[in-house]
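First up is the structure itself, then whatever we jot down about it.
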Amino acid sequence: MRNIKRIFVVILAIYMIFSLAGCEYIMESESKAVTNENLEVHFIDVGQADSILIKKGNESMLIDAGNNADGDLVVNYLQKQNINKLKYVIGTHPHEDHIGGLDDVIDNFEIEKVIMPNAIATTKTFEDVLDSISKKSLSITKPKVGNSYDLNGAEFIILAPNGENYSSLNDYSVVVKLINGNNSFLFTGDAEELSEKEILTNNKRLLKSDVLKVGHHGSVTSTSQDFLDAVDPSAAVISSETGNSYGHPHKEILERLTKKGVDMYRTDSQGTIIMESDGKTINFNDKELFTYDASPKPQVIISELDKVGEIVTIKNDSSEDINLEGWRLLSVTGNQEYIFPDYALKGNATATITSGERQGDLIWGSENIWNNSKSDPAVLYDKDGNEVFRFDD
Ligand SMILES: [Zn+2]
């Protein structure tokens, strides 16, 4: 009898362990649920101009609408895609090759939100767009850096313009980063080096993207090396026309992209380019273009440098724990170096490295390290000596 009881208790315990484990498994699989509607990005061939349609399920948005003469082409293209409503329309900046066909688009579709920068052009093209907007009693939403918008589960964030007054209209370009699961696209309009620098200053860590719509049709005014390095794309798309009078794309930019090993796509030689993202993989014409690496490189950033307080805050931007043993933190001006001990920085967690009198998570030493009277950048290296992050104070 005692034995039977014992067997019963053991069976009950095994049952409880399995049912708990099963419960956990279900919870985990539910939290990983992703929308099964793929995101499509259509770089419409509008010659020497830009027009990009983004579609996810029954929600769509349009970034630019080609030249004046492209109005019908863009409208037809959208209709063929069974679109009757655009959740967002972005006119990146008031040049004809971006907003030319926008009046036709606004006239022909139901529009929810129009995003345009605080810039004007004294052209009939620009007036036509304003007329179409007012005819539909729409208002213009000014882009605000950091604002994000939902497109059926995908999201785009405004990264530029960061300023109010630019000598070039191109620098007013609305720059957006579109994120679909682990895939991302950066649309830069015609933003030039000045705007690129401002994005680097304000939101460098958001720039990394799988696909870059190359700025200003591949002109040397844009895609500066620092910017390209921060975006670090796998693929780039250039929207331009064969034999255009500007010589776009410029050979310097083609060389810069080639040197970086970026796959290039061009509307001038390939026509309309369609990419599809399921949140993990981006496909191009049914060909696998880019697959999200399941084991992403460790991403640790310096999120704050308090030189007076002698506190450096680092953040693990990935969800994986990262052991920092052998990593180094450098105070550039004093050329002082801190070598990390065996320390696991949890996924998405922060840690402080303190010097002087402070007691942080990690202690550099009792000496003050940071130069308060002049510039003293902080640079973080991984154990292989690769620069992981630089914080310019
Ligand atoms: Zn342009």
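The values are calculated or read from the model by the stated rules, or taken from the named source; none is laboratory data. On a predicted model such as this, the values are computed, not experimentally measured, just so you know. Please note: Cβ atoms are built from the backbone with ideal geometry, for glycine as well, and neighbour counts cover all protein chains shown.
So the values come out like this:
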{"read-out": "Leading residue by the ranking (farthest from the ligand (Cβ to nearest atom)) among those in region 162-201 that are among the β-branched types (Val, Ile, Thr) and closer than 15 Å to Asp97 by Cα", "value": "Val174"}
{"read-out": "Options Asp232, Asp210; residue that is surrounded by 21 or more Cβ atoms within 10 Å (Cβ to Cβ) and over 16 Å from Ser173 (Cβ atoms)", "value": "Asp210"}
{"read-out": "Filtered residue count, region 355-393, keeping only those that are in a strand (DSSP E or B) and within 33 Å of the chain's Cα centre (by Cα)", "value": "10"}
{"read-out": "Residue that is away from the ligand (no atom under 16 Å from the Cβ), assigned by TED's automatic domain parsing to the domain that holds Ile158 and under 17 Å from Ile158 (Cβ atoms), where the choices are Val231, Val211", "value": "Val231"}
{"read-out": "Residues located in region 179-189, provided they are out of contact with any Leu (no Cβ under 8 Å at 6 or more places or on another chain) and buried (at least 24 other Cβ atoms within 10 Å of the Cβ)", "value": "Gly189"}
{"read-out": "Residue under evaluation Asn386, criteria (1) surrounded by 18 or more Cβ atoms within 10 Å (Cβ to Cβ); (2) free of Cβ contacts under 8 Å to residues at least 24 places away in the same chain, criterion not met", "value": "(1)"}
{"read-out": "Conditions (1) within 16 Å of the ligand (Cβ to nearest atom); (2) touching a residue at least 40 places away in the same chain (Cβ under 8 Å); number of the one not met by Ile99", "value": "(2)"}
{"read-out": "When residues of region 60-74 are limited to those that are within 16 Å of Phe187 (Cα to Cα) and in a loop (DSSP other than H, G, I, E, B), the one farthest from the ligand (Cβ to nearest atom)", "value": "Ala65"}
{"read-out": "Check on Lys287, assigned by TED's automatic domain parsing to the domain that holds Ser51 and at pLDDT 80 or above", "value": "no"}
{"read-out": "Residues of region 75-96 classified as away from the ligand (no atom under 12 Å from the Cβ) and touching a strand residue (DSSP E or B) at 6+ places or on another chain (Cβ under 8 Å), total", "value": "11"}
{"read-out": "Enumerated helices (runs of 4 or more DSSP H) restricted to region 188-265, each holding at least 2 residues that are more than 26 Å from Ile282 (Cα to Cα) and either modelled with pLDDT under 95 or among the hydrophobic types (A, V, I, L, M, F, W, C) (or both)", "value": "251-259"}
{"read-out": "Residue among Lys113, Lys144 that alone is basic (Lys, Arg) and under 16 Å from the mean Cα position of the chain (by Cα)", "value": "Lys144"}
{"read-out": "Of all residues making up region 237-247, the number that are out of contact with any Lys or Arg (no Cβ under 8 Å at 6 or more places or on another chain) and buried (at least 20 other Cβ atoms within 10 Å of the Cβ)", "value": "0"}
{"read-out": "Residue in region 144-155 that is nearest to the ligand (Cβ to nearest atom), counting only those that are touching a residue at least 60 places away in the same chain (Cβ under 8 Å) and not aliphatic (A, V, I, L, M)", "value": "Tyr149"}
{"read-out": "Residue check, Leu200 in contact (Cβ under 8 Å) with a residue 24 or more places away in the chain, crowded, with 24+ Cβ neighbours inside 10 Å and in contact with a Phe, Trp or Tyr (Cβ under 9 Å, 6 or more places away or on another chain)", "value": "no"}
{"read-out": "Residues being away from the ligand (no atom under 16 Å from the Cβ) and either polar (S, T, N, Q) or touching a Phe, Trp or Tyr at 6+ places or on another chain (Cβ under 7 Å) (or both) - total across region 214-228", "value": "2"}
